Structures are given as C-alpha cells and as structure tokens.
Amino acid sequence: MDKPTILREDDDFFIEVNINGNPETTNGFLLRRCALTLTSPEGVECVGGYDREPSGRWNASISAPQDAITDSDAQPLGYFDTRDLAIEALWQARSNAYTRRPRH
C-alpha cells in the first residue's frame with residue numbers, strides 16, 4: 001500500500017493527496033485531527049477537498065452545515081487555474097470548515 005502524500009500540515013489539519021491516482025492530477029482531502037471514536041477510528045475527519053474538473057481547472061470546497069434548500073454540505077471556495085491555487089485556497093479556509101467530531 002502506498003504511503004499518503006501530505007502537502008500541508010499543522011497541529012489540527014493536513015491536506016493529503018488521494019493515493020489512488022497520480023499525485024499531480026488526482027484529488028486531495030483536507031483532514032482534521034479529532035478524537036478517536038467509533039465514527040472516526042483513525043482520529044481524523046474529512047472537512048474539505050480539491051478536485052480536477054473535466055475542463056482542467058481545479059475546484060476546492062470545505063464542509064458546511066447541511067443546507068435544506070440545496071441539500072449540500074459543502075461551501076465552494078472557487079475554481080482555480082492550477083492545483084496549487086486550489087490547495088492554497090483550501091488551506092487558507094481550513095479554520096472555517098464545519099466540523100462534527102470532538103477535538104483530539
């Protein structure tokens with residue numbers, strides 16, 4: 001099994017590249033360290049991510065409370081010309097991500 005690639009990291013959050021694709025073209029996840037529980041046995045929760053669009057642009061979003069009108073639980077951060085710009089936007093917005101699990 002491949003070891004995950006971590007792109008950014010601090011005490012509470014980290015951005016990890018999806019191990020199932022080419023690191024330069026696949027999606028990635030904004031993860032938050034949390035308490036070990038039955039619903040988070042690895043001690044992390046996903047609170048955002050970035051993904052490549054068919055057009056070649058990148059999008060990023062963070063978790064948000066469920067919106068009854070749109071049925072969405074994500075807050076879009078925008079569309080970006082490069083992966084690095086999407087990752088930077090995701091990293092800058094990390095403290096605004098909606099979390100569901102207790103802190104670690």
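Extending 7 Å from Cα along the Cβ direction at D12 and again at S72 yields two label points whose distance is 2.4 nm. Listing I19, I87, I69 from fewest to most neighbouring C-beta atoms within 10 Å gives I69, I19, I87.
In whole angstrom, how far apart do the alpha carbon centroids of region 22-54 and region 70-94 sit? Result: 13 Å between the Cα centres. Going by neighbour counts of Cβ atoms within 10 Å, the residues D51, D67 line up, fewest first, as D67, D51. Semi-axes of the equivalent ellipsoid of the chain are 21, 18, 12 Å, computed as sqrt(5λ) over the eigenvalues of the C-alpha gyration tensor in descending order. Measuring nothing but how far apart in sequence close Cα pairs (under 8 Å, 6+ apart) lie, relative to its length, region 6-96 scores a relative contact order of 20 percent.
Using the Cβ-Cβ distance between R103 and T39 with R0 set to 25 Å, the FRET efficiency works out to roughly 0.95.
Compare the Cα positions of C34, P4, Y50 along the charge dipole of the chain (+1 at Cβ of Lys, Arg; -1 at Cβ of Asp, Glu; about the Cα centre) and return the one farthest towards the positive end. The listed residue farthest towards the positive side: C34. Taken about its Cα centre, the chain carries a charge dipole of about 200 debye when Lys and Arg each add +1 at the Cβ and Asp and Glu each add -1 at the Cβ.
Counting every other Cβ atom within 10 Å of each residue's Cβ, L90, L7 order from fewest to most as L7, L90.
Taken together, the values in this text are just the output of simple stated rules run on the coordinates, not laboratory data. Keep in mind that what you see is a predicted model, and the values were worked out from it rather than measured. Methodologically, a virtual Cβ is constructed for each residue, glycine included, from the backbone with ideal geometry; neighbour enumeration extends over all protein chains shown.
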